[in-house]
Amino acid sequence: LNRKLSALFATTLILMIYWAESPNVLLAQTPYETSIKGQVINLTPNGAGVDSVKILIHQQDRSGVTTTISETRTDVTGRFHFDDVKYTLDSSYGISTTYQNAIYVLDIGPLIDIDEALILNVYDSSNDDSTLSTSLASVFLSKVDDSESTISALEVINIVNTSHHTFVPGSEVMSFLRFSLPPNTVNLQVQTLLPGAEFIQVDKGFALLASVPPGKHEIMYSYNFRFSGSETIFIKSLRYGADVLRIL
């Protein structure tokens, strides 16, 4: 009898917890509808027009999966409008566009009724990387592993685009953003908030396949490089220079 009462109590407790939590779950998953309006503005002086530019709405769920849920195009003034956009409270949202081969993203976050128009800034594109420079380059040599004969390193680069154009790399590797690495580098990992960025390892370093809009952008990468004997030489090449170089 005691076992039956205990089982009944446990089952009742589970049901009570379920009904107590289920309204929040239903609230988070219930689809709502809203409208979104905004405008694409080209900040390049005397820049190209922004009519008929495709605008996408992205949804990212709690697991990190991103999907496109709607799209539209701008009118002759760059304005756009979405009607009846379905959303849930447990997802985050954003809009994006590809303008002159450069990706631009505006994060909205959780989607609620938006009263004000969204502004998505774009720029004319350029393949000229002479406008790129480095305001700060930091190199952290963090660990020496004698058993593996490797040294662990972390680098943080602040790339600055001082022009009124977005740098867009060409089709050749030499036109990509390039960063040097020591010989015999392994376990390279690259992180940046530049939209759509991908990287490939090339001779003497790696290349970043990304466009760089005006402003300052952080690029962080870690790696291990091998050594032999009791000492090694670390050579650092800075393609875009550096106002400040910091080594720890």
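The values are calculated or read from the model by the stated rules, or taken from the named source; none is laboratory data. Just so it is clear, the structure is predicted and the values come from calculations on it, not from any experiment. When we count neighbours, we look across all protein chains shown, and the Cβ atoms used for this are built from the backbone with ideal geometry, even at glycine. Heads up: the accessible areas ignore ligands, DNA and RNA and are worked out on the full protein's heavy atoms, side chains in. Shrake-Rupley method; radii C 1.70, N 1.55, O 1.52, S 1.80 Å.
Brief remarks on what is shown
- The criterion of at least 3 residues that are farther than 18 Å from ILE235 by Cα and open to solvent by less than 40 Å² (accessible area, probe 1.4 Å) is met by the following strands (runs of 3 or more DSSP E) wholly inside the range 134-209: 150-161.
- Matching residues in the range 91-113 - criterion: being over 16 Å from the mean Cα position of the chain (by Cα) and either open to solvent by 40 Å² or more (accessible area, probe 1.4 Å) or closer than 30 Å to PHE176 by Cβ (or both): TYR99, GLN100, ASN101, PRO110, ILE112, ASP113
- Residues (under 18 Å from VAL190 (Cβ atoms) and of a type in the set (D, E, K, R)) located in the range 132-166: GLU155
- Odd one out for ASP61 among (1) of a type in the set (Asp, Glu); (2) out of contact with any Ser or Thr (no Cβ under 7 Å at 6 or more places or on another chain); (3) open to solvent by 50 Å² or more (accessible area, probe 1.4 Å): (2)
- TYR99 being at pLDDT 90 or above, under 30 Å from SER171 (Cβ atoms) and of a type outside the set (Lys, Arg): yes
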